[in-house]
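**Student:** Quick one: this structure, given as structure tokens, is what I'll be asking you about.
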Amino acid sequence: MTVSVAEENYTSTRNACKLCSPLGACLVLRGIEGCIPLIHGSQGCSTYIRRYGISHFREPLDIASSNFVESTAIFGGRENLFTALDNVTRSYKPEAIGITSTCLAETIGEDVPMYLRQYLASREKGGRDTKGLAPVLFYASTPSYKGTHMDGFHEAILAAVSALAGFGERVPVKTDRINLVSNFVSAEDLRELHSILQSFGVPYTLLPDYSESLDGGTWETYQKLPEGGTKIADIGRMGEAAGTVYLGIPPGKKDAGKWLEENCGVPLFRRELPIGIENNDAFFSSLSEISGKPVPDLWERQRSRLIDAYIDGHKYVNGKRAVIYGEEDFVAALAAFLDEIGVVPVIAATGASNPGFKAHIQGALKNTRRDVEILDDADFVTILAHARELAPDFILGHSKGLYLSRELGIPLIRCGFPVHDRIGGQRILHLGYRGTLNLFDLICNSLMEAKQNQFDKGYTYL
Ligand code: SF4
């Protein structure tokens with residue numbers, strides 16, 4: 001095989017297939033009720049993240065900044081952080097402030113945990129002008145040069161849980177409560193997860209939950225902190241749950257699921273994103289095991305409907321070849337789903353540098369293992385170079401794949417994050433049997449449309 005561009009010795013990333021680490025953290029923080037993200041670093045970082053989030057969710061997304069300037073980079077950002085905390089507390093009156101770091105703050109070695117201890121001591125002594133308000137503060141270290149938005153996402157969940165759930169004490173398991181730690185999914189996916197959890201009839205904590213805060217209705221007056229999000233009190237109860245279902249595999253050694261298991265004795269059920277029948281079956285059976293309740297009939301009927309759709313659409317998808325890319329967990333779930341419906345994911349790529357990615361994808365594939373190019377630390381130039389040799393039929397991924405679609409002349413089926421060039425990215429349903437059905441229909445219809453467009457006369461039966 002000739003892969004000319006990819007084999008050239010580039011040291012730079014060209015057209016990155018990953019996003020910035022604090023971006024992932026900010027999404028988590030906007031998924032906690034009454035919480036405001038505060039980026040410790042330059043204005044530009046928070047502006048970029050706001051811009052990115054707004055163009056996908058089409059909602060306001062306030063992200064505060066400690067506003068580094070040249071002198072801060074030299075003398076440190078402690079005073080900027082203190083001022084930012086005071087200002088944010090006064091103007092937003094939040095229940096919590098989640099602080100996340102930028103590349104610059106990490107590069108100059110800012111000791112944010114120490115700053116926060118000093119700030120809290122000063123606040124306790126009445127030394128801050130915060131009008132008696134005392135939001136909870138917690139911190140996620142998110143150096144973007146060491147990871148992607150997914151590292152920031154998982155780190156922020158860990159920061160919130162370790163600050164708010166059980167306060168590190170061992171709490172005996174004594175309820176039928178379910179913890180569900182979602183992944184970087186759409187607002188519609190979160191609403192689907194709520195429906196699934198509610199159907200089991202037990203209390204639960206879904207974290208994070210930006211289903212309303214980043215996809216709400218209209219307002220009479222501007223809300224600085226939109227309604228919705230995981231309640232802080234519910235995060236506080238995560239230590240007393242009967243089990244945690246953690247969707248996806250965090251790249252770091254620590255994560256909130258492990259933290260809850262080690263500190264509060266909450267059993268951990270690590271599951272792939274529920275896309276495809278097999279992943280959904282595993283997900284639903286974990287919920288059933290934790291809650292002690294059978295899977296409600298409603299989902300059995302949806303499962304059956306999905307299998308029926310697989311049968312109906314099989315002739316359109318079987319043997320087709322796809323390029324998939326994005327977050328490691330998302331790509332692994334898509335790979336398993338495509339494998340299940342007879343599509344060969346000829347390229348499974350992520351921008352994350354993750355030595356475990358290859359094994360993760362191979363583990364997801366039952367039928368097409370030998371035909372798949374698995375690329376980690378990949379950019380879109382590399383993906384394109386490989387794709388040119390592999391004759392794919394379609395691309396499944398976020399809007400940044402438009403460039404591949406144009407070059408290869410094949411359809412891009414938009415899913416994941418970000419979807420900047422269409423309306424409704426936040427309402428794409430990927431998860432559950434219904435989400436899988438949605439993706440299946442999208443793929444079938446895209447392939448049928450591409451075929452239809454090949455003929456002058458067009459056929460209405462395909
Ligand atoms: S400098 Fe770092 S933290 Fe800031 S936007 Fe760029 S990648 Fe993100």
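Values quoted throughout were computed directly from the atomic coordinates according to the rules given, and no laboratory measurement underlies them. In this text, all values refer to a predicted model and were calculated from it rather than measured experimentally. When we count neighbours, we look across all protein chains shown, and the Cβ atoms used for this are built from the backbone with ideal geometry, even at glycine.
**Student:** Full extension from Glu389 to Lys131: what is 0.36 nm times the residue separation minus their Cα-Cα distance, to one decimal in nm?
**Tutor:** 86.5 nm
**Student:** With the dipole of the stretch 298-451 worked out from charges on the C-beta (+1 for Lys and Arg, -1 for Asp and Glu) around the Cα centre, which of Gly319, Gly363, Gly397 lies farthest toward the positive end?
**Tutor:** Gly319
**Student:** Which of the lysines could a cross-linker span from Lys224 if the Cα-Cα distance has to be under 25 Å and same-chain partners fewer than 8 positions apart are dropped?
**Tutor:** Partners found: Lys93, Lys131.
**Student:** Also: Distance in nm between label sites at Lys93 and Glu124, each 7 Å beyond Cα in the beta-carbon direction?
**Tutor:** Result for the modelled spin labels: 2.6 nm.
**Student:** Moving on to the next point. Hey, what number do you get for the chain at 222 nm if only DSSP H runs of n ≥ 4 count, each worth -39500 (n - 2.57), divided across all residues, to the nearest 500?
**Tutor:** Rounded to the nearest 500, the figure is -14000 deg cm²/dmol.
**Student:** In nm, to one decimal, how far is the Lys457 label point from the Ile74 one, both placed 7 Å along Cα→Cβ?
**Tutor:** Going from the Lys457 label point to the Ile74 one covers 7.8 nm.
**Student:** Find, among the chymotrypsin sites (Phe, Trp or Tyr not before Pro) in the stretch 213-284, those assigned to loop by DSSP (not H, G, I, E, B) with at most 11 other beta-carbon atoms within 10 angstrom.
**Tutor:** Within the stretch 213-284, the qualifying chymotrypsin sites (Phe, Trp or Tyr not before Pro) (loop, at most 11 other Cβ atoms within 10 Å) are Trp219, Tyr222.
**Student:** Hull surface divided by four, with the convex hull built on the Cα atoms of the chain: how many nm²? Each step should come with its number before you reach the end.
**Tutor:** Values: hull surface 96.9 nm².
Averaged projected hull area, Cα only: 24.2 nm².
**Student:** In nm, give the distance between the simple-model label positions of Gln362 and Lys224, each being 7 Å from the Cα along the Cα-to-Cβ direction.
**Tutor:** 5.3 nm
**Student:** Where the centre of each part is set by its Cα atoms, how far does the stretch 258-275 sit from the stretch 57-111, in angstrom?
**Tutor:** 31 Å
**Student:** Just in the stretch 243-320: which trypsin sites (Lys or Arg not before Pro) are loop by DSSP and have at most 15 other Cβ atoms within 10 Å?
**Tutor:** Hits after loop and neighbour filter: Lys253, Lys254.
**Student:** To continue, here is another question. Mind listing which trypsin sites (Lys or Arg not before Pro) in the stretch 30-95 are in a DSSP loop and have 16 or fewer other Cβ atoms within 10 Å?
**Tutor:** When the trypsin sites (Lys or Arg not before Pro) of the stretch 30-95 are filtered for loop state and at most 16 Cβ neighbours within 10 Å, Arg58 remain.
**Student:** Check which residues have an amide H placed less than 5 Å from Arg270's amide H, if you skip close sequence neighbours.
**Tutor:** Tyr246
**Student:** Using Cα pairs under 8 angstrom and six or more residues apart, how large is the relative contact order of the chain, in percent? Let's see the in-between values first.
**Tutor:** Working: 918 pairs, mean separation 80.1, N = 462.
Here the relative contact order equals 17 percent.
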